[in-house]
Structures are given as structure tokens and as C-alpha cells.
1. Restricting to the stretch 8-26, name every residue that is assigned to a helix (DSSP H, G or I), at pLDDT 90 or above and under 12 Å from the mean Cα position of the chain (by Cα).
2. If I go through the stretch 34-59 residue by residue, how many of them are assigned to a strand (DSSP E or B) and over 17 Å from LYS5 (Cβ atoms)?
3. Look through the stretch 60-103, keep the residues that are small (Gly, Ala, Ser) and part of a loop (DSSP other than H, G, I, E, B), and return whichever of them is most open to solvent (accessible area, probe 1.4 Å).
4. In the stretch 23-59, how many are touching a residue at least 40 places away in the same chain (Cβ under 8 Å), of a type outside the set (A, V, I, L, M) and crowded, with 16+ Cβ neighbours inside 10 Å?
5. Do any residues in the stretch 78-100 that are at positive phi have Cβ atoms under 7 Å from those of residues that are among the small types (Gly, Ala, Ser) and open to solvent by less than 70 Å² (accessible area, probe 1.4 Å), where the two are at least six apart or on different chains, and which pairs are they?
6. SER8: of a type in the set (Gly, Ala, Ser) and either surrounded by 11 or more Cβ atoms within 10 Å (Cβ to Cβ) or touching a strand residue (DSSP E or B) at 6+ places or on another chain (Cβ under 8 Å) (or both), yes or no?
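The values are calculated or read from the model by the stated rules, or taken from the named source; none is laboratory data. Keep in mind that what you see is a predicted model, and the values were worked out from it rather than measured. Note: ideal-geometry Cβ built from the backbone for every residue, glycine included; neighbour counts use all protein chains shown. Accessible surface is based on the protein model in full, side chains and every heavy atom, while ligands, DNA and RNA are left aside. Shrake-Rupley method; radii C 1.70, N 1.55, O 1.52, S 1.80 Å.
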Amino acid sequence: MCSSKVISRQLKEIERVNNDLFSAGLVDGDLFHWQAMLMGPKGSPYKNGVFKITMHIPPDYPFKAPKVSFNTKVFHPNVGVHGSIFPKMFENEYFSPIYTINR
């Protein structure tokens, strides 16, 4: 399946679900460049926080991982000082097509 079809389907799913803790959308209509916002969950040190994230999705997605980074400064062990995210699931050798943009 073509990556643009997969990405379009995942965008429609995000719009349909309307999650209170997560929102995402295209930057300037570019299917491969997204901006997302995470809301800090209640009862956590991040409550009331709004965290902006940029996602660059490669043309061979879902077989290659998107590049994801925080634009908002956040203190977390899996986030670097420049916003890069460290979990192995964002490394191509560990990424799987079962992962979606909203899950």
C-alpha cells in the first residue's frame, strides 16, 4: 500500500477519534510533515502542560519510522535537550508497521 494512503487513513482516524490528550494535523497541507500537541495528563507532573511535537514522516512509511521531536521544552528521561525522542521504537530497525501515528 502506498504511504500516502496509509498516512491519509491515519489522519482520518485521528480526526474521527477526537482524543482529549492528543491532537495532530498537517503542516501547510504536507502529508509528510505534521504537528501534534500532547496535553499533560491529570495526576501527573505534566498536568496542565501543552507540549508541541513535530513529525516528519518518511516516504517509505510505515516501513520506516517517522522523525519525532518535541518543540516544547520538556524534562523527561526519554527526551534529549534539543527535543529528540529516544525510545527504540523510533529507530528504523525496531519500527514496525503495526505502529500508527496515533498509537
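1. GLN10, LEU11
2. Total meeting the criteria: 12.
3. SER96
4. Result for the stretch 23-59: 1.
5. GLY83/SER69
6. For SER8, the condition - of a type in the set (Gly, Ala, Ser) and either surrounded by 11 or more Cβ atoms within 10 Å (Cβ to Cβ) or touching a strand residue (DSSP E or B) at 6+ places or on another chain (Cβ under 8 Å) (or both) - is met.
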